[in-house]
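For reference, the structure I am asking about is given below.
The values are calculated or read from the model by the stated rules, or taken from the named source; none is laboratory data. Here the structure is a predicted model, which is why all the values come from computation and not from measurement. Neighbour counts run over all protein chains shown; Cβ positions are idealised from the backbone, glycine included.
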Amino acid sequence: MFDSLSFAESLPPRFINWFMPVWLTGAGVLLGILLLVVLGGVCFGLSRVPAVGRLAEHPQRRRMAMAILSLLYFAGAMASLWGLEWLPGTGQAEVGQAEAGQTLLTQVGVVAVLCWFAALSSVYLVSQRAMGEVLPALREGVLFPISVIALCLATVGVMGILLVRDPENMLTSLIELPRAGQQEPKVTVIPEPTEGDELSEPEAVEVPFTVHIDKVQQLTLESDQRLVLSFTPPEVKQGYYAINVSRDEPYIWLPGTSVNSPMMSVDHLYVRNYSEKEATLTIKMTTKAMHPEVRAILITAIGVVVLFSLYFVQRAAAPRLSAVALATVKSEMNQPLYLIMLALGVFAMVAFIFFPYHTFGEDIKVLKDSGLKLIMVMAIISAVWAASSSVADEIEGRTALTVLSKPIGRRSFIIGKFVGINWTTMFMFVVLGLVLMAAVAYKPIYDAREASQDPEEVATWQVCYTEMVSTVPGLVLAFFATVVLTGISVAISTRLPLMANFVICFAIYVLGHLTPTIVQSSLGRFEVVRFVGQLIATVLPNLELLNSEAAIAADKAIPASYLGLAFAYCMIYTVVSILLSLLLFEDRDVA
């Protein structure tokens, strides 16, 4: 149905190759909005139940419900991760015990924190307060411009169905994605050859076996006897290809590994038993979706749900903190500096596409690294400026005294400022990150055209998608680094003005990236040098851990497990910086 309505064939191939990764992002946002609507409907229905809707208002019942839900979520998450072999030791032959134990402990800690947050969200999202805050949250603060961007992307997801290639199979792949992976082995007994004249040509046994060549990731055929298999009947000579399978020589097929591939989409296998005994044929198959790139739709949808849910939970769980954060967001997002940096960032991301880098085919890596660094630097400058203007200036101008005279404590004031500043930097990452992803998706097409190559062959939409998706982990790590420096900047702002804040944060930024070099250079030197190096590495954040430059240069993907460890590292330094902020602000005279 969708294929007949598609206009992809009438559009330039270069546009379609660039548009398809963008459409996957829009379709993911659309799915995320639909999931939010469904989740909102479920939460609204549960909030009408008095025992559930008022659960968050009773501290003892709330703590009990959160404890029970946390245990249930944790048990389910650990069982799922263990089954998917995402924990150390579940899918590896030999791993160092100390390293595996440390990694396992860190991952379990991250899972426990996420399960606790999921339990907290479950309790507060079904509260009557949260349901009453939905519409005000969408109309004001940072969620309003984010919602506008989300609706624009969702429109691209809807209208883009008419512009992408093979839209019906793309949507079918999304449905098939949960069923992809290791399939249950199929075991078939092949009878021994019947007694005949010479038994040189045993009769072929027809084995039902449905396979689509575009959906096979790996196929393994094993047998305890010598078998000869074919995907076509023996009497069909055209395209006939025999496969030998024996006890010591199983047959393994991987897509793209054989020029004369015998694989084809079939419904039956034809097996000849060349032994004197009955044979057992075991078929092991790992499948994939026809278009595995649709995984981006699910990941984007989950990101949208988490982002909006986080904001709603914040407003329902901490109304005083949210009031301070909302005032900070409104103040800082209307600052001329913030708007100028957004405009300059968008212009720079587009201009980076056309800059001649002269890197002999590595221009796209320079584009990624330059774009990520620019976004992070702009976000850090915005965060430091916001921390100074909303904390230091309010203390010096006695505005903080007016705020603290209301039923808002010093803790809510500092944490609210920190949260509000992070929401402003989050919005900057969303806007500039989307522009960078679109620029990275177009860069292979532009480079192919500049090299007088056919973009349809060199820069396919799969290539554009791969390059675009590889930018996302770098954006996540850059945001983590910005959060760490934001916490440090808020702590400094409780005592020092703008210029001192900028100087100290700049020094921490430089030393944080030089930490591995300092530690390495201090080995084998004087004790004083070694002590200073270890002190810097211990006290200051190691921002190189949150840097994706090495992965981009080596063209390596950043695994999700590393992002989890980086999240834990970011949270540790954030908590320490917030505690330091509270300690410095506790006895600060604001009068």
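Quick one: which of 45, 32 is under 14 Å from residue 153 (Cβ atoms), modelled with pLDDT of 85 or more and assigned to a helix (DSSP H, G or I)? Quick ask: steps written out before the conclusion?
On the way: 45 fails: under 14 Å from residue 153 (Cβ atoms).
So the residue among 45, 32 that is under 14 Å from residue 153 (Cβ atoms), modelled with pLDDT of 85 or more and assigned to a helix (DSSP H, G or I) is 32.
Looking only at segment 274-326, count every residue that is in a loop (DSSP other than H, G, I, E, B) and buried (at least 21 other Cβ atoms within 10 Å of the Cβ) and tell me the total. Reasoning before the result, please.
Of all residues in segment 274-326, those in a loop (DSSP other than H, G, I, E, B) come to 274-278, 288-291, 318.
Okay, now just the ones that are also buried (at least 21 other Cβ atoms within 10 Å of the Cβ), so 289, 291.
Summing the residues that are in a loop (DSSP other than H, G, I, E, B) and buried (at least 21 other Cβ atoms within 10 Å of the Cβ) in segment 274-326 gives 2.
Could you tell me whether segment 337-345 includes any residue that is free of Cβ contacts under 8 Å to residues at least 24 places away in the same chain, of a type in the set (Val, Ile, Thr) and either farther than 24 Å from residue 463 by Cβ or in contact with a Gly (Cβ under 6 Å, 6 or more places away or on another chain) (or both)?
Yes: one or more hits.
Whether any residue in segment 373-390 is out of contact with any Cys (no Cβ under 7 Å at 6 or more places or on another chain), without any contact (Cβ under 8 Å) to a residue 40 or more places away in the chain, surrounded by fewer than 22 Cβ atoms within 10 Å (Cβ to Cβ) and not in a helix (DSSP H, G or I) is what I want to check.
The answer is no, given that none of the residues of segment 373-390 is out of contact with any Cys (no Cβ under 7 Å at 6 or more places or on another chain), without any contact (Cβ under 8 Å) to a residue 40 or more places away in the chain, surrounded by fewer than 22 Cβ atoms within 10 Å (Cβ to Cβ) and not in a helix (DSSP H, G or I).
What pairs come out if I take residues in segment 212-236 that are within 21 Å of residue 276 (Cβ to Cβ) and assigned to a strand (DSSP E or B) and pair them with residues that are of a type in the set (Lys, Arg) and at pLDDT 80 or above whose C-beta lies under 6 Å away, six or more apart or interchain?
So the pair list comes out as 228/272.
Hey, does segment 524-540 have a residue that's out of contact with any strand residue (DSSP E or B) (no Cβ under 9 Å at 6 or more places or on another chain), modelled with pLDDT of 80 or more and in a loop (DSSP other than H, G, I, E, B)? Give the derivation first.
Quick first cut of segment 524-540, residues out of contact with any strand residue (DSSP E or B) (no Cβ under 9 Å at 6 or more places or on another chain) only: 524-540.
Keeping just the survivors that are modelled with pLDDT of 80 or more gives 539-540.
The next check asks that each one be in a loop (DSSP other than H, G, I, E, B); those that pass are 540.
Yes, segment 524-540 has at least one match.
Can you tell me which of 277, 288, 373, 284 is charged (D, E, K, R), modelled with pLDDT of 90 or more and farther than 30 Å from residue 130 by Cβ? So that I can check it myself, show each step before the final result.
Numbers: 277 fails: modelled with pLDDT of 90 or more; 288 fails: modelled with pLDDT of 90 or more; 284 fails: modelled with pLDDT of 90 or more.
Among 277, 288, 373, 284, only 373 is charged (D, E, K, R), modelled with pLDDT of 90 or more and farther than 30 Å from residue 130 by Cβ.
So that you can scan it fast, the table gives a plain yes or no per residue for (1) in contact with a strand residue (DSSP E or B) (Cβ under 8 Å, 6 or more places away or on another chain); (2) modelled with pLDDT under 80; (3) surrounded by 16 or more Cβ atoms within 10 Å (Cβ to Cβ):
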{"position": "49", "(1), (2), (3)": "no, no, no"}
{"position": "55", "(1), (2), (3)": "no, no, yes"}
{"position": "85", "(1), (2), (3)": "no, yes, no"}
{"position": "90", "(1), (2), (3)": "no, yes, no"}
{"position": "96", "(1), (2), (3)": "no, yes, no"}
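Among all residue pairs at least 6 apart or on different chains, which show Cβ distances below 8 Å where the first residue, located in segment 572-584, is of a type in the set (Phe, Trp, Tyr) and the second is outside any helix (DSSP H, G or I)?
Short answer, once both residue conditions are applied: 573/541.
Sticking with this structure for a sec: When you go through 555, 589 one by one, which is the residue that is over 30 Å from residue 361 (Cα atoms) and either modelled with pLDDT under 85 or acidic (Asp, Glu) (or both)? Can you show your working first?
Numbers: 555 fails: over 30 Å from residue 361 (Cα atoms).
None of the other options fit; the residue is 589.
Take residue 388 and decide whether it is closer than 15 Å to residue 331 by Cβ and hydroxyl-bearing (Ser, Thr, Tyr).
Values: closer than 15 Å to residue 331 by Cβ: yes; hydroxyl-bearing (Ser, Thr, Tyr): yes.
It is true that residue 388 is closer than 15 Å to residue 331 by Cβ and hydroxyl-bearing (Ser, Thr, Tyr).
This table checks each residue for (1) polar (S, T, N, Q); (2) assigned to a strand (DSSP E or B).
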residue: 114; (1), (2): no, no
residue: 118; (1), (2): no, no
residue: 122; (1), (2): yes, no
residue: 146; (1), (2): no, no
residue: 172; (1), (2): yes, no
residue: 192; (1), (2): no, no
residue: 203; (1), (2): no, no
residue: 209; (1), (2): no, yes
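Among 494, 425, 471, 482, which is the only one that is over 29 Å from residue 550 (Cβ atoms), in the same structural domain as residue 373 (by TED's automatic domain parsing) and in contact (Cβ under 8 Å) with a residue 60 or more places away in the chain?
494
Among the numbered criteria (1) within 26 Å of the chain's Cα centre (by Cα); (2) surrounded by fewer than 16 Cβ atoms within 10 Å (Cβ to Cβ), which single criterion is violated by residue 339?
Only one criterion in (1) within 26 Å of the chain's Cα centre (by Cα); (2) surrounded by fewer than 16 Cβ atoms within 10 Å (Cβ to Cβ) is unmet by residue 339, namely (1).
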